[in-house]
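The values are calculated or read from the model by the stated rules, or taken from the named source; none is laboratory data. What you see is a predicted model; the values in this text were computed from it and never measured. A quick note on method: Cβ atoms are made from the backbone with ideal geometry, for glycine too, and the neighbour counts reach across all protein chains shown. All accessible areas refer to the heavy atoms of the entire protein, side chains included, with ligands and DNA or RNA removed. Shrake-Rupley method; radii C 1.70, N 1.55, O 1.52, S 1.80 Å.
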Amino acid sequence: MITYATDRSDINNGATSCAERTTACLQRIDERASLNAFLHVDADGATAAAAESDERFAAGLARPLEGLVVAVKDNINVAGMPLTCASRMLDGFRPLFDATVVERLRDAGAVIIGKTNMDEFAMGSSNETSAFGAVRNPVDESRVPGGSSGGSAVAVADGMCHVALGSDTGGSIRQPAAFCGTYGLKPTYGRVSRYGLVAFASSLDQIGIFASSLHDTAAVFDVITGHDPMDATSDPGAAGRALDVIASPHASPLRIGVLPRTAIQGCEPAIITAYDEAIERFRTKGAAIIEVALGHEEIWVPTYFILATAEASSNLARFDGVRYGLRAEHTDISDMTTASKTAGFGAEVKRRIMLGTYVLSSGYYDAYYRKAQQARRLISDAYNAVFADVDALFMPTTPTTAFSLGERNADPVTMWLSDYFTVSANIAGIPALSVPFGKDASGLPIGLQLQGALFHDERLMQIASLLES
Amino acid sequence: MNTADIQRIAELARLSIPEADLEAFAAQFERILDYVGTINALPMDGVEPQTSINAIENVTREDVVGETASTEEALRNAPKKNEAFFKVPKVLG
């Protein structure tokens, strides 16, 4: 993995250049093509941007992220590059504008190197639902990188870029970050504009960051946060100040909430061992460890899948073959829509649209969708109560390390349970950060997760710095 | 959940499930519903449904003309177009 902070000081003292770094990243992408991390690479655009960055460094005009090499998940608009959401439905689609996050990164001097592979429309936990082939884990190519932002996780873990953007609807940044050994931040809902992100489940979706260090995570966070009038759910608050916060001392004795043993008993032993070691590290740094019971754990995943599929069935109705995307020709307009959707969407996307349609349909709305919204309230309230007593809640990111390709495809529910520890943060809208923490006996990375109260993103990064070795 | 139920949901979702796949799809759907239906075990009488997580309401802006996509740009990704319009099969007989 490569870190921007290190490169930036090397660029400043003449040891390397933005052009050199960008060329090295492009080479790495080529050499590691078997991982299938990228769907589009913009070598010319990245090379030109890097040359401009070098000029700015030379002129003393370097911006906050000058020369930072960024990969972008292929459900986020980058003008001038295709956008597919890893679906046949959007093969050939060219976005009209940069997403707000991309615009802000470019304005800060970043070099956009390409678009990363993902589960189709971000629906999956293993990156196997991509219409353009699965992504492979860089540590062991017979294993998955996690999903849905698998390509972004691999791009950072394998040194193809400094940082990558992903989207997290139920764990799609944190779970692949854990499986690949990077940091993965899902910010508070509303802190990062979703303008230019293809919607999956609008009340849960959040753009976030993969990085090899906390410092790089914080540097990007400070640039992409802040109000955006183009997103009606964007928080009106100011941009983040994570770099300042992670460098400052903790204000008061730290209280870390941990889960009772019963809540983690389904985890692999190596993950429990890492979890215990990390708790011990917090303790030696002076933190009080407090066992907390959130409750309602058994309904996290069912609540998530009802809400997410309901919203997806509505959001994906726009792919009707009229204005963009795949069209299957037909003489009748209604048949044309049905034929286009049927031809354009893969199996998991169809399954989720079907479930979402069902839970919103007359006669079942109260039993499923309304119930899930009530459950959402209970889950949010439980978090609010816990954050009155602790500064952060600490738990594993995933119950297992990266599983094998094909291992969980037979039963969708088994696949969905990979998201057991991640979905609740999206339900409550709170920030959550997966921190790489050791490896299992096969060398597969382990990720541990910190969750915090709404808008405590910077504080979470500060707390995570205690786990850095 | 029988094959007729699956066909009805598919129709609502504007999807078509091949006849040969209906049985397997119904069985899988049944399993998924059993699983997500477990939320019904939790008593939720009197709990107010939560529809969004942030308290922002009625975001408005000044009604002024701004820069948007040109007609040409807006039609750039259209599968079929005719002059300044998206082209679709005949809607009214």
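Structure above, values below:
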quantity	calculated
Residue B:67/residue B:47 FRET efficiency (R0 35 Å; Cβ-Cβ; nearest 0.05)	0.20
Area projected by the alpha carbon convex hull of the stretch A:60-121, averaged over all directions, nm²	4.3 nm²
In the stretch A:282-342, the GluC sites (Glu not before Pro) that fall in loop regions by DSSP, at most 12 other Cβ within 10 Å	A:329
Antiparallel DSSP beta bridges within the protein assembly as shown, as percent of all bridges there, nearest 5	65 percent
From the C-alpha gyration tensor of the stretch A:76-167, square roots of 5λ in Å	22, 17, 9
Qualifying trypsin sites (Lys or Arg not before Pro) for the stretch B:1-71 [loop in DSSP, other Cβ within 10 Å: at most 10]	B:61
Candidates B:77, B:54, B:40, ranked by Gaussian network fluctuation over chain B, Cα under 10 Å, top entry	B:77
Within the protein assembly as shown: Cβ-based charge dipole about Cα centre, in debye rounded to nearest 20 (Lys, Arg +1; Asp, Glu -1)	260 debye
Residue-level accessible surface for residue B:92, protein heavy atoms, 1.4 Å, Å²	140 Å²
Calculated Rg and Dmax of the stretch A:376-469 using C-alpha coordinates, Å	14.9, 42
Value of [θ]222 nm, deg cm²/dmol, for chain A, DSSP H segments ≥ 4, -39500 (n - 2.57) each, nearest 500	-11000 deg cm²/dmol
Residues residue A:40 and residue A:276, FRET efficiency given R0 of 56 Å [Cβ-Cβ distance, rounded to 0.05]	0.85
Theoretical FRET efficiency, 1/(1+(r/R0)^6), r = Cβ-Cβ of residue B:34 and residue A:385, R0 30 Å, to 0.05	0.50
Cα pair count fraction exceeding 30 Å, expressed as % - the stretch A:4-246	17 percent
Extension gain, residue A:298 back to residue A:94 (0.36 nm per residue minus Cα-Cα distance, nm)	69.3 nm
Dipole-positive endmost among A:139, B:47, A:62 within the protein assembly as shown (Cβ charges, Cα centre)	B:47
Spatial separation of Cα centroids for the stretch A:301-344 and the stretch A:216-253, in angstrom	35 Å
Exposure rule at most 11 other beta-carbon atoms within 10 Å, DSSP loop GluC sites (Glu not before Pro): chain B longest free segment	B:1-56
Centroid-to-centroid separation of the stretch A:79-93 and the stretch B:23-44 [C-alpha atoms, Å]	33 Å
Per residue, the convex hull volume that the Cα atoms of chain A enclose (Å³)	140 Å³
For residue A:405, residues with placed amide H under 5 Å, excluding near neighbours	A:143, A:144
Positive dipole terminus of the protein assembly as shown, leading residue within A:172, A:77, B:3 (C-beta point charges)	B:3
The stretch A:284-403 - Rg (one decimal) and Dmax (whole number), Cα, Å	20.5, 71
Restricting the stretch A:353-390 to chymotrypsin sites (Phe, Trp or Tyr not before Pro) in coil, as DSSP defines it, with at most 15 other Cβ within 10 Å	A:364, A:365
Whole-number D in µm²/s for the stretch B:46-93 (Stokes-Einstein; Kirkwood sum over Cα pairs; 20 °C, 1.002 mPa s)	136 µm²/s
Sequence-distant residues sharing a close amide H with residue B:81 (under 5 Å, placed H)	B:87
Separation of alpha-carbon centers, the stretch A:160-203 and the stretch A:258-274, rounded to whole Å	24 Å
Chain A - percent relative contact order, Cα under 8 Å, separation 6 or more	17 percent
